[in-house]
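Presented below is the structure to which this report refers.
The values are calculated or read from the model by the stated rules, or taken from the named source; none is laboratory data. Just so you know, these numbers come straight off a predicted model, no measurement behind them. Note: ideal-geometry Cβ built from the backbone for every residue, glycine included; neighbour counts use all protein chains shown.
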Amino acid sequence: MYFGTVNFLGLAESYRLRLIRKRLRLRALRKSRELHPVQNRTKSITPGAQLLFCTLRDELVRLPYFYEYYRNLGVDHFLMVDNGSQDGTREFLADQPDTSVWHAKGLYRKARFGVDWLNFLQRKYAHGHWSLVVDPDEFLVFPYCDSRPLSALTDWLDTSEIRSFSAMLLDMYPKGALEKFQYKSGQNPFEVAKWFDSGNYTIEKNPLYGNLWIQGGPRARVYFADAPKQAPALNKVPLVKWNKSYVYVSSTHLILPRGLNRVYESAGGEKPSGMLLHAKFLNTLSDKANEELRRNQHYAHGREYQRYNKKLNSKEHLWCSWSEEYINWRQLEVLGLMSKGSWA
């Protein structure tokens, strides 16, 4: 009787999650009406191509290096959603020969912060491909990325029958006040923001979805010191061997089916994992925070940007005596922030 009850509860959970997944797929289909093609080159996508998906607005200053980085990493095609840029971002994207771009006229917040738009595009174009979802200030680092392309990682994941790859968000920052370091378009942002927190992270497991919830780093330490549970989530599953039945639930923090969230070993050992170096903390943040507060299109009515704005005005900076200067992925592995697992 006891085991029957446990099994019934498990079936009820599975049914609930299937309903959520179905609802999110239908929602993405409905929100696809807000997407209008600016330049659609998806016919050039070949079998096995590595795809990158991104939603953005007014990020022209970041794009030259973003493209340089991910092209060097081995991305074959970029599928970009522009949500009303006014700085030339859309025109830049349309000029890139390996890019398809859509203009999203809807509200970012009402598209679940862009997740609905990308869920639709991934369902339509990413089935059977490895799909990487990142923001324009996120740069994937994985084991051996300094000598092997992204396809080497995905080939190994395929061989190992692993469908998803995790990468914790690592906030990078300069040594000193942000406005003292002027970022120039095309520049490697980590020449400026080259410091990070090597500790100060907490991990909890979500009992329903099975994903890990990670918080901490400089944002929890400085911007959310009085309320660390409200600090942004750092756990992400950005790289997935996509199937048209999959959906992201909350950014790339959480995905369904829930087995894709099992990016860790529960019986000993380690699965390979990476990092997303996060180049948010540049001198451009002040203007971005003011703009996002005005638009009110972010989570919890822009609570995160309210905190940024308050601290930026106080001239407080993120560097401290425990900050580590970034060297390479091997350093991150030694610090226990990522792992090559059994990939040699």
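At-a-glance table
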read-out: All positions within region 144-175 that are touching a Lys or Arg at 6+ places or on another chain (Cβ under 8 Å) and in a helix (DSSP H, G or I); value: Thr154, Leu157, Asp158
read-out: Qualifying positions in region 35-47 - more than 13 Å from Val115 (Cα to Cα) and touching a residue at least 24 places away in the same chain (Cβ under 8 Å); value: His36, Pro37, Val38, Gln39, Asn40, Arg41, Thr42, Ser44, Ile45, Thr46, Pro47
read-out: Condition check for Lys194: exposed (fewer than 13 other Cβ atoms within 10 Å of the Cβ) and either aromatic (Phe, Trp, Tyr) or over 18 Å from the mean Cα position of the chain (by Cα) (or both); value: no
read-out: Selection status of Leu73, crowded, with 20+ Cβ neighbours inside 10 Å, under 24 Å from Glu191 (Cα atoms) and touching a Cys at 6+ places or on another chain (Cβ under 8 Å); value: yes
read-out: Residues located in region 6-55, provided they are among the basic types (Lys, Arg) and in contact with a His (Cβ under 9 Å, 6 or more places away or on another chain); value: Arg41
read-out: Test: residue in region 286-301 that is among the polar types (S, T, N, Q), more than 23 Å from Asn83 (Cα to Cα) and modelled with pLDDT of 75 or more; value: no
read-out: Within region 197-223, considering residues that are surrounded by fewer than 20 Cβ atoms within 10 Å (Cβ to Cβ) and among the small types (Gly, Ala, Ser), the one farthest from Ala289 (Cα to Cα); value: Gly210
read-out: Pair list, Cβ under 9 Å, 6 or more apart: region 97-114 residue more than 23 Å from Leu24 (Cβ to Cβ), other residue among the hydrophobic types (A, V, I, L, M, F, W, C) and assigned to a helix (DSSP H, G or I); value: Thr99/Leu93; Val101/Leu93; Val101/Ala94
